[in-house]
Structure formats: structure tokens, C-alpha cells
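Engineer: Please read through the structure below; I'll follow up with questions.
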Amino acid sequence: MPFFQSTEFNFENFYIGNSNHELVESLLEWLNCEFPKVFYFWGDVATGKTHLLNAALNQCSDSAIYLPLKEFSKIEPRVFDNLERINIVALDDIDTISGDHELETKFFNLLNKVILSEGKVIITGRNHPNKQGFELNDLVSRLCSGLLYKVSLLADEERKKALAFLASKRGIKIEPRHMDYIMKHFKRDMTNLSLLIDKLDRASLSEGKPVSLNLIKKVTTDSNIY
């Protein structure tokens, strides 16, 4: 069952941060190279893995497929069949199959087929392959043979910059004191900060008012997203 990437995700609307520059630069270079065949990056929830994965796919002019494994109600082994025929295969949350011997074997076989084909695989997980809980040592070795990067969490000051960056992309101006309020009272991971900016943008347009402290309080209270 194919899932395709969202065009809403791109590198232009992703705040990289100081610690993720090398990852993004390597990912962009990898998209234009034949080897290595495998690119694996990992990180905590809400670090931007899915965004980067889809941004990479949106750079592809050839065939590509996006498989968000954790969104499958049940992962059938056949989901990995014939994917080597596609130029770029993107597998999000590979940790979903950790410990399932049959699925790990099918995935390992896919990687071997990709290496012999013209395609490539880009993968995200919660942890480094060595710490992902895979049963197959050969699978771990295969994943480690490609490019490996960790997506680092942004420091608090960088999150303020990221919030300002996201706001500017929407044409929203948030005063520094309001920024401090958000960082103090709101969930500070990038998923929730992006959600907040989206809701502020819509509320500001709907009410025809600039972003104010009252609007911020109203949006977060109505949405229960503190």
C-alpha cells in the first residue's frame, strides 16, 4: 500500500540549527550521488525526522515512495516487495519492525536488492541501528554500512530562533516578550511549535488582528495545546 510524501515539507521551511547542518548538507549531496545506497538518520520524537525525509523526497525528480510504518495498522511482510524498482524508497520509523524476525528479514532482503539495483533507501528510526533492538545482526551491519546521522534536538535559544523563523515564513511577527511567554508556557518541541504557528496564522487572519498575547492565550487555551 503506497503512501506518498507531502509537498508541505521542504528544506526551506525547516530550521536546521547549528548541530544539524552536516546532516542536511550530506542528505542533499546524497540525493545526487549513486553511492552509498543507504542513508539512515535517527533522533527523538519531534526532532524533524519526518520533515527531513519528506523534504528529501520532494527534491527527487525520479520515482519515490514514502512509507510511514508507525501509521500502518498492521505491517504485512509483502509491503517490502518490489520496492527495489523505485528510485528512492523512504521508510519512516523503522523501529516499528524491531524484534519482528519476519519483517526484519524482508527488510534486509530489500536492502540487498536495492544495492544491486539503481535505487536507494532513506530510513529514519528512534535510535542508532546498533541500539534499535533488531534481531538480525546482518541487518544492523547493512544499515551501518551506509551514511549515519543523528538529528539533534535544538537548544532553547535555537528554538526561539526556530519559532521566529517559522513565523516569518507565514508573515507573522511575534514580539520578543510574547516569544518568551510561549517558551515558558508552551510545549517547546518543534512539532508543537509548528502547530502553534499554524493556529496563530489562521486565528490572526480570521480575526483580522496581529498576533498579541491575548491571541496566543486564546489559541493555546481553545486548542488545549499547552
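Engineer: Looking only at residues in the range 117-133 that are out of contact with any helix residue (DSSP H, G or I) (no Cβ under 8 Å at 6 or more places or on another chain) and at pLDDT 95 or above, which one is nearest to Cys144 (Cα to Cα)?
Structural biologist: Ranking the candidates gives His128 first.
Results for (1) buried (at least 17 other Cβ atoms within 10 Å of the Cβ); (2) not assigned by TED's automatic domain parsing to the domain that holds Gly208, shown as yes or no for each residue.
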site	(1), (2)
Lys74	no, yes
Asn82	no, yes
Asp100	no, yes
Leu103	yes, yes
Ala162	yes, no
Met179	yes, no
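Engineer: Out of all the residues in the range 35-51, which are part of a loop (DSSP other than H, G, I, E, B) and either buried (at least 21 other Cβ atoms within 10 Å of the Cβ) or touching a residue at least 60 places away in the same chain (Cβ under 8 Å) (or both)?
Structural biologist: Listed by number, the residues that qualify are Pro36, Lys37, Gly43, Asp44, Val45, Ala46, Thr47, Gly48.
Engineer: From the list Leu196, Leu215, which residue is of a type outside the set (D, E, K, R) and either under 22 Å from Gly43 (Cβ atoms) or in the same structural domain as Gly43 (by TED's automatic domain parsing) (or both)?
Structural biologist: Just one listed residue meets the conditions, Leu196.
Engineer: Quick check: anything in the range 16-23 outside any helix (DSSP H, G or I) and surrounded by fewer than 20 Cβ atoms within 10 Å (Cβ to Cβ)?
Structural biologist: Checking the range 16-23: at least one residue is outside any helix (DSSP H, G or I) and surrounded by fewer than 20 Cβ atoms within 10 Å (Cβ to Cβ).
Engineer: Is it the case, given these coordinates, that Leu215 is of a type in the set (A, V, I, L, M, F, W, C), within 25 Å of the chain's Cα centre (by Cα), part of a helix (DSSP H, G or I) and surrounded by 16 or more Cβ atoms within 10 Å (Cβ to Cβ)?
Structural biologist: So Leu215 fails the test.
Engineer: Just checking, which of Asn54, Asn87, Asn127 is crowded, with 20+ Cβ neighbours inside 10 Å, in contact with a strand residue (DSSP E or B) (Cβ under 7 Å, 6 or more places away or on another chain) and not aromatic (Phe, Trp, Tyr)?
Structural biologist: After applying the criteria, what remains is Asn54.
The values are calculated or read from the model by the stated rules, or taken from the named source; none is laboratory data. Fair warning: this is a prediction, and the values are worked out from it, not measured in the lab. Virtual Cβ from ideal backbone geometry, glycine too; neighbours counted across all protein chains shown.
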